[in-house]
1. Can you give the translational diffusion coefficient of the stretch 6-288 in µm²/s, computed by Stokes-Einstein from the Kirkwood radius over Cα pairs at 25 °C and 0.890 mPa s?
2. Under 14 Å Cα to Cα from Lys246, which aspartates and glutamates show up? Leave out anything in the same chain fewer than 8 places away.
3. Given a cut-off of under 8 Å on Cα pairs at least six residues apart, what relative contact order in percent is computed for the stretch 6-288?
4. With angles folded into 0 to 90 degrees, how steeply does helix 56-65 sit against the dominant principal axis of the chain? Use alpha carbons for both and round to 10.
5. Counting heavy atoms of the protein chains only and a 1.4 Å probe, report the per residue accessible area for the stretch 26-81 as a whole number of Å².
6. Okay, helix-only estimate at 222 nm for the chain: each DSSP H run of n ≥ 4 adds -39500 (n - 2.57), divide by all residues, round to 500 deg cm²/dmol; what do you get?
7. Would you mind getting the accessible area per residue of the stretch 334-416, heavy atoms of the protein chains only, 1.4 Å probe, in Å²?
8. Among 191-199, 212-220, how do they line up by average Cβ neighbours within 10 Å per residue, starting with the highest?
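The values are calculated or read from the model by the stated rules, or taken from the named source; none is laboratory data. Every value quoted in this text rests on a predicted model; they were computed, and no experiment measured them. Note that each Cβ is placed from the backbone with ideal geometry, even for glycine, and that neighbours are counted across all protein chains shown. Areas reflect the complete protein model, heavy atoms only, side chains present, ligands, DNA and RNA absent. Shrake-Rupley method; radii C 1.70, N 1.55, O 1.52, S 1.80 Å.
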Amino acid sequence: MENKGTYYISTPIYYPSSNLHIGHTYCTVMADAMARFKRLQGYDVMFLTGTDEHGQKIQTKAIEKGVTPQEYVDEIVAGIKDLWATMEISYDDFIRTTEQRHMERVQEIWKRMYEKGDIYLGTYEGLYCKECEAFWTESQLVDGCCPDCGRPVMKASEEAYFFKMSKYADRLLELFRENPDFLVPESRRNEMVAFVEQGMEDLCVSRTSFDWGIPVPNDPKHVMYVWVDALSNYVTALGGPYDCEKFNKYWPCDCHLVGKEIVRFHSLIWPAMLMSADLPLPKQVRGHGWLLLGGEKVSKSKAAKGEDIIDPVILIDRYGIDALKFFLLREYTFGQDGSFTNEVMLKRMNFDLANDLGNLLSRTVSMIEKYCGGEVPAATTRDEIDDELIEMATGVAAKVEERMNEFQFNLALEEIWTLIRRANKYIDEKTPWILAKDESKKAELDTVMRNLAESLRIVSILIIPYMHTTSDRMREQLGLADVEGVWEDAFEFYKMDGCRAKKGDQLFPRIDIDKELEELYALSESLKNKN
Ligand code: MSP
């Protein structure tokens, strides 16, 4: 396969302050699908995720629980790693900000910024949101509260180091002007440009009020502001800022995938830090929307009240990894918020997976067994209906590629499902059960069987980034278990000479939606009582 070069994608590093929910899963699933898509296309991929473990909030939670902060995060991080292992998330590295490799390298980044003359000692007086670990100015508050989480802010005053963010305002504006793709979607870019144009203040980058953080070089009574620590992960995980093979190979990052609420940190603070440390800037920051529950951002506190189950562990246990991943990628439009409900999820799983895809495979494989003794036959006839199917099947990969380049996962999947639905319709149009009754129609029947098998083969390649285990199960039934699914083969028809189809288990069992919703409701009630 042609080597396309490198591709580096990251998720935010999540706070291990409590277990992750469907919102975090959504972001990681998108990054995983993109990483798998790029690998399939022949890129040398670096997919990074991890955990952001320092800060006052974690320290406070640990004290409440009567354990050390390290003990506290170790337990939650183990759960996060288990979740990603269960979901077969294909990350190449998992960075924890409490790791020595990270802490030492962040101190080096700090030193470079300090030596540049960009970090100075001053006094901080401001309004601080403990929950978001963010300082706000009076004008940024919404109804006197944190504009991100709506919680009250508190006045804080302490000796602190400052980063001369203001010095980089012009270069940031130039970055947005000259690289329209640096920050997408465009609406987010406009917000950030307005934010910078309003006038940027220097950023307070150290704290003395708690000690769960990375010590400031040469002044260890200060710990670094958690966002300086956290943002650096994208560089430290590669061995940066030092000149080393991995860092040189993958940096600058192709895409920092983040939720819209942290776009500001990634598209202003992070580039300014890199400019100060004389390091190249990431190529792109992509802000995705939120999953909403009853109109509000899904969060742990919502989970305790809600009726919809948002714990990914429970959902995977009931429906499997692929169904959950498919739902998240197919249902939501990148960049926009979307409502999450169990009903919407179950309907997607039933209609698209059990009905459309599951039925197409089981109908096709059963007919090949029944009419052709399991052997995928040769196609020796061809009419306009065949032409239409073949043209569509061999044209989908290019469309998927186009959609994926824009992170339009839902539309990429829709392209694939257009083919699946077309193939189901092809069966109805060709009525193979009638052809089978007439010996003189044997060649035509064979063509139908072959064309369906080939269409499914193409589908099995196209879905690899989103549902790789389903792809494997399909290929098993199509007699392709020993043939690796290769992207280039999705552009070609008639690649299945000598294959033997064999019926296996249903890909996705049909869900009785009403009954299932009742069970989920009961489960949610019992979880509420536990909380
Ligand atoms: N630790 C910081 C990120 C540092 S990155 C250098 C942080 N962590 S977090 O645990 O709060 O995770 C935030 C991210 O989780 C969001 O940016 C988003 O990707 C994802 N989501 C959390 N809740 C979400 C929804 N309700 N909906 C969609 N994504 C959500 O911020």
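1. Stokes-Einstein gives a translational diffusion coefficient of 127 µm²/s.
2. Lys246 reaches Asp44, Asp92, Asp93.
3. It comes to 22 percent, rounded to a whole number.
4. Tilt relative to the chain: about 80 degrees.
5. On a per-residue basis, 30 Å².
6. Details: 21 runs with 251 residues, N = 531.
Value at 222 nm, helices only: -14500 deg cm²/dmol.
7. Here the per-residue accessible area is 42 Å².
8. Details: 191-199: 14.2, 212-220: 17.7.
Averaged packing, sorted descending, gives the order 212-220, 191-199.
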